[in-house]
Amino acid sequence: MKLSRHAFIRFWDVHAWLGVTGGIVLHVMFFAGGFALFFDELGAWQEPELAPAPGAAVAPLVGRALSSRGVRPASVDVTLPGPRRRALDLRWTDARTGAGGEARIAAATGAEIGETSHAARILFWLHFLYHPRLPWGIYAAGVFGAALLLAIVTGVLIQLKDLIRQLNQFRPAKSIRVLWSDLHKVLGVLGLPFQTMYALTGALIGLAPLLISVVGGPAAGARLEESQRAWWGETAPGTPTGKPAQALSVDELVARARRAVPGFEPEFARLEAMNDTSMRASFWGAGRGRLFSHGDVVLDARDGSLVADSVSAPPTPAVAVNRWTTGMHYAWFDGLAMRAIFAILAAATCLTILSGNWIWLARRAREASRGDRLLARLTIGVGGGIALATAALFWANRLAPPPVRVLVETWAFFGTWALATVLFAVRGEARGGWVGLLGASGMGFALVPALTLARFGTRAGLSAVDAGLWLVGMSLLLTAVVVDRYERRAPTRDARGAYVPGPRERISSP
């Protein structure tokens with residue numbers, strides 16, 4: 001298939017401008033997404049003071065927290081303890097006042113504690129551009145996912161006739177411009193299935209709630225809540241009767257949910273219409289024996305009888321799409337190994353995006369505008385600064401004491417990122433800073449395990465997270481060495497801004 005010159009130019013313009021305008025944000029999303037894949041592991045690692053207690057009884061802890069506040073709950077939400085969930089996050093609504101409340105309880109000791117770290121949540125929310133105060137950010141993430149999908153389609157159409165050649169054409173001995181071009185194309189072709197899947201699933205995850213409300217609302221009218229429940233696979237709540245009743249304990253209900261659906265492992269519990277004959281207990285978790293079997297098991301809270309089961313029951317088309325979309329995006333299959341592969345592919349996508357920006361800049365190097373120079377500075381300041389900021393985040397986690405750790409983590413991450421961005425925004429030549437940023441970031445990651453041992457000794461010990469951070473650090477240091485080698489061959493600009501070829505560079509077109 002050969003495109004006409006007009007079509008080629010149009011596709012090139014769309015591909016290039018989408019990449020340039022959205023590339024830095026997409027790089028940030030993919031970078032944070034590599035860590036978000038290990039949200040549970042990071043969540044346990046970030047609070048070394050808390051001991052795991054996967055078999056801890058939940059009912060006494062919840063009952064003590066509610067009775068100490070004089071709460072008569074209408075509904076209760078609680079995360080259940082597990083190997084990587086060391087604290088119970090409890091939320092409730094008071095039946096008498098309608099006011100809500102929350103508490104956090106250490107599973108091993110039963111003591112009420114405050115939040116001592118949010119390092120994992122910072123990176124998880126950043127992947128979706130989300131914050132509770134800016135909930136629309138997830139819609140923006142969905143738009144960026146759709147833009148990435150369009151960029152991938154136009155990129156494939158541009159290179160369709162040369163895809164096989166682009167897969168294996170890598171010329172490291174040539175100029176740095178050729179190197180960036182080959183790197184962009186090779187990584188783009190190799191990562192094409194992964195990037196396409198992530199762009200599509202990310203767009204669906206980000207935009208589905210908005211589309212259900214905007215499109216489903218007018219279409220479904222008063223049945224909008226039913227449309228939302230159909231997408232999420234949720235069961236409609238019971239109708240309160242006003243008649244009092246006694247519920248089984250949370251622990252007994254957990255046991256009955258496991259017996260009702262063999263292989264089901266609940267992670268989250270919700271008790272609704274408490275002390276009413278319509279009260280139900282919903283447990284969200286994953287089943288076994290089937291791909292992407294996350295769902296709800298709903299019981300009658302009075303006797304533990306099964307009301308609904310979306311875990312083992314055949315899913316509706318909407319639920320199946322939602323499960324596959326979410327399951328593929330979060331790599332809910334094949335365990336840790338698959339998530340590690342996805343993280344590597346996410347890092348390769350970051351290189352694909354940044355090399356795309358550098359191709360754009362290299363093509364315009366001789367007559368660079370202010371916008372081009374700003375893009376170069378933002379690419380390194382924002383795109384490279386996030387690696388240094390993440391290393392600073394993990395250092396803050398290991399050095400700051402629990403009472404102020406959350407505050408220190410926030411300032412360390414966003415302060416370092418902002419500082420790197422500002423420094424490169426005012427820097428005369430942006431490109432030369434890659435080596436320093438990558439080297440400092442790599443050293444920061446590689447030394448985190450040493451900080452763990454120095455700060456907590458054998459009490460916390462080294463974990464798979466420490467090993468992973470060390471590998472990230474060594475990879476960044478190796479990348480810094482490679483970049484330094486090619487930066488020495490690259491052209492620069494003199495004091496008057498004139499283009500000066502590097503001492504060994506051979507100027508050629510990619």
> Taking only C-alpha pairs under 8 Å that are 6+ residues apart, what is the relative contact order of the range 283-356 in percent?
Replying inline: 20 percent
>> Using protein chains only and a probe of 1.4 angstrom, how many square angstrom of D296 are accessible, to the nearest 10?
In response: 30 Å²
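Where Rh denotes the Kirkwood radius from the mean inverse Cα pair distance, what is Rg over Rh for the range 230-282? Can you show the working numbers first?
On the way: Rg = 12.3 Å, Rh = 12.3 Å.
Dividing the radius of gyration by the Kirkwood radius yields 1.00.
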> Expressed as a whole number of Å, what is the distance separating the alpha-carbon centroids of the range 291-307 and the range 320-353?
Replying inline: 28 Å
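If you average over every viewing direction, what projected area does the convex hull of the Cα atoms of the range 70-131 give, in nm²?
5.6 nm²
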>> I want to check the label-to-label distance for F414 and V482. Put each point 7 Å from Cα in the C-beta direction and report it in nm to one decimal.
In response: 3.4 nm
>> Need one number: nm distance between label points at R84 and A245, each 7 Å from Cα along Cα→Cβ, rounded to one decimal.
In response: 3.6 nm
>> Could you give the length gained by full extension between V307 and T277, i.e. 0.36 nm per residue of separation minus their alpha carbon distance, to one decimal place?
In response: 9.4 nm
>> Quick check of the Kirkwood formula: for the range 260-395, what is the inverse mean of 1/r over all pairs of different Cα atoms, in Å?
In response: 19.4 Å
> To the nearest 0.05, what FRET efficiency results for W324 and V426 with a Förster distance of 51 Å applied to their C-beta separation?
Replying inline: 0.65
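Could you work out the mean projected area of the convex hull around the alpha carbons of the range 110-149, in square nanometres to one decimal? Don't skip to the answer; put the middle values down first.
Working: hull surface 15.7 nm².
Computed as one quarter of the Cα hull surface, the answer is 3.9 nm².
The values are calculated or read from the model by the stated rules, or taken from the named source; none is laboratory data. Everything numeric in this text was worked out from a predicted model, so none of it was measured. Cβ coordinates were reconstructed from backbone atoms using ideal geometry, including for glycine residues, and neighbour counts include every protein chain displayed. Accessible surface areas use protein heavy atoms only, side chains included; no ligands, DNA or RNA. Shrake-Rupley method; radii C 1.70, N 1.55, O 1.52, S 1.80 Å.
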